[in-house]
Amino acid sequence: MRDYFAQIRPTMTFEIFPPKGSGDLASIFATVDALASLAPDLISVTYGAGGTSRENTVEIASQIQNSYAIPALAHLTCAGNSKEELDPVLRTLSENGVKNILALRGDIAEGERNLKISGMPQILSATSNQDMISGYLLPVIRKNI
């Protein structure tokens, strides 16, 4: 990720919002087809509160990374997830070559009272897949074009 922010030229990225549940992903991949023609530097894929679109995030990010040869950034929402829930997600992303992960605290799902894992320090200490993720803090700069 550092390489993207070190470039002199502007970077172009897009963000995909997966459907909740096990919905049809054909429309998502039709969108990715159109976006791919624009040669983006990266496509990020969000992750629903409490993991509501977890499987779709992994599948979409993996396809973007492997079938489209576009770097994918998978969001990983921590709130409401335990080590046992995060490990398989991280393992699958790693097995599919998705190396860019944006770990977020995320919103607490409705009815959830406590945070099992609340952020990057807890992920790093709780997961057995420490070699797969690393924390890198970037300043956020927003420009409206």
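The values are calculated or read from the model by the stated rules, or taken from the named source; none is laboratory data. Fair warning: this is a prediction, and the values are worked out from it, not measured in the lab. Positions of Cβ are backbone-derived with ideal geometry, glycine not excepted, and every protein chain shown enters the neighbour counts.
List of remarks:
- Test: ILE123 is assigned to a helix (DSSP H, G or I), at pLDDT 90 or above and buried (at least 19 other Cβ atoms within 10 Å of the Cβ): no
- Test: VAL98 is among the β-branched types (Val, Ile, Thr), at pLDDT 75 or above, more than 18 Å from THR13 (Cα to Cα) and surrounded by 19 or more Cβ atoms within 10 Å (Cβ to Cβ): no
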